[in-house]
Structures are given as C-alpha cells and as structure tokens.
Amino acid sequence: MRYSKLFSKTSKNAPHDTDSVNAKYLSQAGFVDQEMAGVYTWLPLGLRTLRKVEQIIREEMDALGAQEVFMPSLQPKEYWETTDRWEGVDILFKLESQTGKEYALGCTHEEVVTPLVQKFVESYKDLPFATYQINTKFRDELRAKSGVLRGREFRMKDMYSFHTTQESLTEFYNKTLEAYVKAYARCGLKVKVVQASGGIFTKNISHEFQALTDAGEDKLIACENCEFGQNEEVATYKAGDTCPKCNGSLAQMKGVEVGNIFDLGTKYTDAFKLDITNDAGEKQRVLMGCYGIGTSRLVGAIVETHHDDKGIVWPKSVAPFHVYLASLKSKDEAVQTRINTVSQEIYEALSDEGIEVLWDDRADASPGEKFANADLIGLPLRIVISEKTLKEDSVEWKGRADSEARLVKIGDVEDEVESFVEEK
C-alpha cells in the first residue's frame with residue numbers, strides 16, 4: 001500500500017475529547033473515526049488490525065473443534081420474553097418496526113443460538129457441540145468511554161457449547177480457558193484469569209480475562225508471575241500473599257476485561273426446553289456454556305499496553321503492515337530518481353514474498369513528518385531510503401521498539417526482513 005493512496009491519514013493532534021491512550025492514538029493515527037459516543041468507523045489501517053485479531057481468535061476456536069456461524073443482530077422480542085430478560089437487561093437496545101412488532105439489537109446471542117441448536121440437535125450422539133460467530137453487538141451503555149474499550153456498537157466473538165454431562169462441559173470450559181490465554185498471548189497480551197460473577201448471564205462459575213493496564217477500570221489482586229488473579233471486590237487473597245497457583249507474590253493491579261467465559265448450566269436450555277434423547281432413550285436437558293471475547297475492545301487493550309509517548313508499538317502478529325518504508329527527498333534529481341527506483345524495487349520484492357509494506361511515497365512530506373508518522377502508526381519495522389543511505393549502498397533499519405537505527409545493505413534487505421517478520 002502506498003501511503004499517498006491511503007484513504008485515511010494521520011493527524012498532528014488528537015481529538016480534543018479523547019479520554020484514553022487508545023482513543024488518542026487510534027484516532028490520531030487514522031485507525032478509527034468516531035461517529036458518535038461509543039460508535040466508530042474502522043478505517044483501512046484499523047480494519048486490517050481488527051481482522052488480524054479476529055483471525056487469531058478464529059484459529060484458536062477452530063482448534064477447539066467449534067464451528068463458525070453468523071447469526072442475525074435483529075432478534076425477536078419473544079425470544080427475550082422466553083428467557084425472561086426483555087425487561088431485565090438494561091443495556092438492551094429495543095426498537096419497534098412499522099408493523100408494530102418489537103425487536104432487540106443483539107447484545108448477546110443466547111436467545112438466538114439456543115433455539116437454533118434445538119432445530120438440529122436431537123440425540124446424545126450429536127453432543128458435545130460448539131458453535132461460534134464473530135459479529136457486531138449493540139449495548140445501550142450509559143457511559144460509553146475510553147475509546148474502543150467501552151462502546152455502544154462493537155465487535156465480539158461469542159461461542160456457545162452444548163453438553164450432556166457436567167464433566168463434558170467442565171472439560172470444554174477448561175480447554176477454552178487455555179485457548180483464550182493462548183489467543184491473547186498471540187495478540188501480544190499477558191492476561192490474568194479472574195474468577196468472577198456471572199452478571200446477567202448466569203449464577204454459575206465464570207471467569208474474566210484481564211489485560212493489565214493503568215487504563216483498566218477493574219482493580220485486581222494478581223500474581224506477578226503467572227496468570228492467576230482475583231477481582232479485588234471478591235478477593236480471598238490480598239497484596240503480599242503467596243500465589244496459590246505458582247507460589248509467586250500477589251500484588252494490586254489494574255486491568256481491562258477483554259473476555260469472559262460462563263458455565264450457563266441449564267438457564268437457557270430450560271427456557272427453550274432444549275432436550276435430547278439420551279442413551280437410555282429418555283429425554284434429558286442439555287447443559288450449556290458461553291465464551292466471549294470483545295475483538296474491537298481487544299484492539300484498544302493492545303494499544304493501552306503497547307505504546308510510548310510517540311505512538312503505538314504494534315506486536316508483529318496484529319500490526320496492519322509489517323514494514324513502514326519511507327523514501328526521503330533529495331534536491332539532486334538523479335539521486336531522487338535512484339531513491340525512488342530502489343524504494344520501488346524493495347517494495348515489490350517484499351510484497352512478492354507476502355510481506356505487508358506501507359510505503360510512504362509522499363513527495364511533499366519532510367523527513368521529520370515521515371519519521372513522526374512511522375512512530376505514530378507504530379509498524380514493527382521502519383526502513384528508510386535516502387541520499388545518505390544510498391552512499392553506503394544501504395537502507396536505514398529501525399525496529400519500532402528499538403532506540404537506535406542501523407544500516408543494512410540493500411542486497412540483504414529482503415532476507416533480513418523475512419527473518420524479522422518470522423521472529424516471535
């Protein structure tokens with residue numbers, strides 16, 4: 001992608017009303033544009049990162065054996081009345097059509113997936129079974145804030161599993177917990193796994209996944225070594241205690257919730273009377289679990305934990321591009337032609353190898369503008385081609401997280417970039 005052709009551009013100044021690091025940098029770097037409080041357009045750079053995050057999560061859910069579907073966001077009122085949640089969920093957007101019928105905009109999909117599964121699952125031989133989707137959700141938040149961390153419209157992966165026994169549900173629940181920790185790690189986040197209240201979903205066991213950041217709203221008592229943690233409001237341990245999992249030290253921390261999982265028991269299968277025929281030929285109520293990750297929220301959490309005073313510092317796995325290629329201006333026309341030619345050759349060679357390059361080819365931008373742009377957008381690697389580097393038959397190479405730049409011979413660039421991208 002040539003930066004000169006990129007639809008969205010960076011801004012020198014953040015919007016005046018930004019209240020968090022992710023709101024500031026995602027807007028200023030041209031990743032998102034705020035439509036209204038809690039509602040964002042995902043611009044080309046932001047959408048590339050969002051899709052990479054969602055693909056990582058998709059791969060981990062597929063590895064669990066879950067099958068992907070895509071369910072409607074417009075949900076009939078009667079489903080919510082069946083579960084007795086039409087009046088009980090205060091964040092539910094409700095609307096009436098011109099026919100007089102009432103609907104909900106999905107803030108979650110238990111009310112849709114349970115009757116859906118009921119149409120296809122009849123025997124114990126059909127279970128266990130899990131299905132998931134990555135979809136847009138709507139919640140009537142009173143205080144939409146902190147950029148994409150708390151929105152009224154947002155993206156979420158929600159998965160639902162169905163079982164004949166508690167042992168089966170518990171086994172899948174624990175496997176999903178491990179898959180979540182792995183998915184977050186692949187996205188560049190270390191999380192704490194916190195036992196939590198089931199909220200509007202269930203009274204049974206549930207866990208939250210908390211990414212550590214000063215922007216977090218939740219106070220935790222968590223281990224400094226492993227992923228163990230508790231919400232401070234319900235903690236049975238205190239700061240300074242020994243971790244029950246790894247014998248490390250517990251400390252007070254702040255986190256932002258980036259996912260949760262719930263043992264739903266028969267709460268929703270009771271409501272819809274979802275039964276199967278067991279191996280004795282008798283009707284048996286199905287057990288159910290649900291597992292959510294806010295994917296757009298996760299992008300915000302990554303920015304909150306991966307940034308400096310110049311901009312975002314994206315992990316390689318979710319950066320919109322691998323390389324920021326900057327061609328600098330020269331007053332010498334012949335040298336400028338050489339800069340452009342070498343830049344074009346490197347751009348094409350890397351692109352042909354599947355390496356994603358954002359080429360800042362602007363002829364009217366100063367070196368300072370291009371360097372500031374590169375830092376703000378935060379791609380993992382910056383390569384600069386200038387009159388100075390060409391004298392050494394080289395490019396300037398600088399990792400976004402590095403303090404110093406170095407020269408790399410033009411002939412070695414392709415191999416070195418491939419090695420850099422492949423490094424974990």
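Looking for whichever is surrounded by 15 or more Cβ atoms within 10 Å (Cβ to Cβ), under 30 Å from the mean Cα position of the chain (by Cα) and not aromatic (F, W, Y) here; the options are L264, L274. Which one fits? Criteria check complete, one pass: L264.
The set of residues in segment 96-139 that are in contact with a helix residue (DSSP H, G or I) (Cβ under 8 Å, 6 or more places away or on another chain) and under 20 Å from L64 (Cβ atoms) comprises E110, T114, F120, L127, P128, F129, A130, T131, Y132, I134. Has segment 283-295 got at least one residue that is modelled with pLDDT of 95 or more, assigned to a loop (DSSP other than H, G, I, E, B) and closer than 26 Å to D402 by Cα? Taking every residue of segment 283-295 in turn, none turns out to be modelled with pLDDT of 95 or more, assigned to a loop (DSSP other than H, G, I, E, B) and closer than 26 Å to D402 by Cα.
Here segment 88-122 is the region considered, the condition is being exposed (fewer than 15 other Cβ atoms within 10 Å of the Cβ) and of a type in the set (V, I, T), and the residue that is nearest to Y291 (Cα to Cα) is I91. For Q195, the conditions (1) under 22 Å from T108 (Cβ atoms); (2) surrounded by fewer than 17 Cβ atoms within 10 Å (Cβ to Cβ); (3) modelled with pLDDT of 95 or more are fulfilled apart from (3). Every condition in (1) assigned to a loop (DSSP other than H, G, I, E, B); (2) more than 28 Å from K52 (Cα to Cα) holds for I221 except the one numbered (1).
For segment 10-50, a residue qualifies if it is surrounded by 13 or more Cβ atoms within 10 Å (Cβ to Cβ) and either basic (K, R) or outside the structural domain of I302 (by TED's automatic domain parsing) (or both), and the qualifying residues are K24, R48. Within segment 158-187, the set of residues being crowded, with 20+ Cβ neighbours inside 10 Å, under 17 Å from V258 (Cα atoms) and out of contact with any Asp or Glu (no Cβ under 7 Å at 6 or more places or on another chain) comprises D158, M159, T176, Y180, Y184, C187. Taken over segment 137-151, the criterion of being surrounded by fewer than 17 Cβ atoms within 10 Å (Cβ to Cβ) and touching a Phe, Trp or Tyr at 6+ places or on another chain (Cβ under 7 Å) is satisfied by D140 alone.
Only one of these is assigned to a strand (DSSP E or B) and within 29 Å of T213 (Cα to Cα): N260, N247. Name it. One residue alone meets the criteria, N260. The one condition from (1) more than 30 Å from K119 (Cα to Cα); (2) in a helix (DSSP H, G or I) that D270 does not meet is (1). Highlighted here are the helices (runs of 4 or more DSSP H) found entirely within segment 331-424 that include at least 1 residues which are among the basic types (K, R): 333-352, 367-377, 387-391. When W359 is tested against (1) more than 23 Å from A29 (Cα to Cα); (2) not acidic (D, E); (3) not assigned by TED's automatic domain parsing to the domain that holds G265, exactly one condition is not met: (1). Among the residues of segment 295-339, the one identified as within 15 Å of D360 (Cβ to Cβ) and of a type in the set (D, E, K, R) is K329. For segment 38-78, the set of residues classified as touching a strand residue (DSSP E or B) at 6+ places or on another chain (Cβ under 8 Å) and among the hydroxyl-bearing types (S, T, Y) consists of Y40, T41, S73, listed by residue number.
When the residues of segment 389-417 are filtered to those that are surrounded by 15 or more Cβ atoms within 10 Å (Cβ to Cβ) and touching a residue at least 40 places away in the same chain (Cβ under 8 Å), which remaining residue is farthest from E345 (Cα to Cα)? The residue in question is R400.
Taking the conditions (1) in a strand (DSSP E or B); (2) without any contact (Cβ under 8 Å) to a residue 24 or more places away in the chain in turn, E233 satisfies each one other than (1).
Pairing residues of segment 53-74 that are over 14 Å from V113 (Cα atoms) with residues that are surrounded by 15 or more Cβ atoms within 10 Å (Cβ to Cβ) and hydroxyl-bearing (S, T, Y), at Cβ distances under 6 Å and at least 6 apart in sequence or on separate chains, gives V53/T295; E54/T295; M61/Y132.
Residue-by-condition table, conditions (1) crowded, with 20+ Cβ neighbours inside 10 Å; (2) touching a residue at least 60 places away in the same chain (Cβ under 8 Å); (3) β-branched (V, I, T):
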position	(1), (2), (3)
V299	yes, yes, yes
G311	yes, yes, no
V318	yes, yes, yes
S327	yes, no, no
E333	no, no, no
T337	no, no, yes
N340	no, no, no
S343	yes, no, no
A349	no, yes, no
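Got at least one residue in segment 238-255 being in contact with a helix residue (DSSP H, G or I) (Cβ under 6 Å, 6 or more places away or on another chain), under 29 Å from R51 (Cβ atoms) and assigned by TED's automatic domain parsing to the domain that holds N22? Looking for residues that are in contact with a helix residue (DSSP H, G or I) (Cβ under 6 Å, 6 or more places away or on another chain), under 29 Å from R51 (Cβ atoms) and assigned by TED's automatic domain parsing to the domain that holds N22, one finds none in segment 238-255, hence no. Could you go through segment 276-286 and let me know if any residue there is within 29 Å of E387 (Cβ to Cβ), without any contact (Cβ under 8 Å) to a residue 24 or more places away in the chain and among the hydrophobic types (A, V, I, L, M, F, W, C). There is no residue in segment 276-286 that is within 29 Å of E387 (Cβ to Cβ), without any contact (Cβ under 8 Å) to a residue 24 or more places away in the chain and among the hydrophobic types (A, V, I, L, M, F, W, C). When C226 is tested against (1) within 21 Å of the chain's Cα centre (by Cα); (2) of a type in the set (A, V, I, L, M, F, W, C); (3) surrounded by fewer than 20 Cβ atoms within 10 Å (Cβ to Cβ), only condition (1) is not met.
The values are calculated or read from the model by the stated rules, or taken from the named source; none is laboratory data. Computed from a prediction, not measured in an experiment: that's the story for all the values here. For neighbour counting, all protein chains shown are included, and Cβ atoms are generated from backbone atoms with ideal geometry for every residue, glycine included.
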